[in-house]
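Below is one structure, written out as structure tokens; the observations come after it.
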Amino acid sequence: MSAVRDATLADLDAISALERTVFGLQAWSPRSVEQELRAVSPDRVVVVAVTAEQVVGHAVLSVAGESSDLRRIAVADDFQRQGVATQLMVVLLARARGQGCRRVLLEVAEGNMSALLLYRRHGFSEISRRRRYYEDGGDALVMQLHLGGCR
């Protein structure tokens, strides 16, 4: 089982490697990952899932007023389907609620069935589609989750 904690600059190499492995051509560059880590604030959340030996997942959330954007969630292949993405999601949703967000938005490739299952399990629903959004010509689904109990 993994634990989730706030990411630090010390996680840069591990997150960058995970980006390349999970996202391939759509991976954030090490410079982009570093910029995300340096921008951490109450409005920018970057967390990692770790085992005793390594970073096995990461997630990024941006908050803007009453909305937040789930920008990234990634889990190493060897740790998928073990609840790591759910752990990351639970932390991000709690942070969004803590910032007073009323909704969370995200984009996901329509063919990413494991991600779609995760998002739907957490109550996200499709609100829009971006045709040919990805470099491979695939569509992006825009999904939304309304958060209850917001201030």
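The values are calculated or read from the model by the stated rules, or taken from the named source; none is laboratory data. None of these values were measured; they are calculated from a predicted model. No Cβ is skipped: glycine too gets one built from the backbone with ideal geometry, and neighbour counts run over all protein chains shown. Surface areas here come from the heavy atoms of the whole protein model, side chains and all, with no ligands, DNA or RNA. Shrake-Rupley method; radii C 1.70, N 1.55, O 1.52, S 1.80 Å.
Dipole size in debye (nearest 20) for the chain around its Cα centre, Lys and Arg Cβ +1, Asp and Glu Cβ -1? Let's see the in-between values first.
Numbers: 19 positive and 18 negative charges, 128 e Å.
So the magnitude is around 620 debye.
Taking the Cα centre of region 27-108 as origin, work out the dipole magnitude from +1 charges on Lys and Arg Cβ and -1 charges on Asp and Glu Cβ, in debye rounded to 20.
In total the dipole reaches around 280 debye.
If you add up the charges near ALA85, with Lys and Arg at +1 and Asp and Glu at -1, over every other residue whose beta carbon is less than 13 angstrom from its beta carbon, what do you get?
Charge balance in the 13 Å sphere: +3.
Measuring with a 1.4 Å probe in the full set of protein chains, what accessible area per residue, in whole Å², belongs to the chain?
54 Å²
For region 106-125 and region 44-89, what is the separation of their Cα centres, given in Å?
14 Å
If you scale each eigenvalue of the Cα gyration tensor by 5 and take the root, what three semi-axes come out for region 32-118, rounded to whole angstrom and sorted largest first?
Semi-axes, largest first: 21, 16, 12 Å.
With Rg/Rh (Cα atoms, Kirkwood Rh) defined as stated, name the option among (1) 1.09; (2) 0.94; (3) 1.12 computed from the structure displayed.
So the calculated entry is the one marked (2).
Net charge around ARG44, counting only other residues with Cβ within less than 12 Å of its Cβ (Lys, Arg = +1; Asp, Glu = -1)?
Numbers: positive: ARG38, ARG71, ARG72, ARG95; negative: ASP6, GLU36, ASP43, ASP69.
Neighbourhood net charge equals 0.
Using a 1.4 Å probe over the heavy atoms of the protein chains, calculate the carbon and sulfur portion of the accessible area of region 32-151 as a whole percent.
Within region 32-151, the accessible surface is 45 percent carbon and sulfur.
Please report the net charge: other residues with Cβ closer than 9 Å to the Cβ of LEU141, K and R +1, D and E -1.
Details: positive: ARG129, ARG130; negative: GLU107, GLU110, GLU126, ASP139.
Once positives and negatives cancel, what remains is -2.
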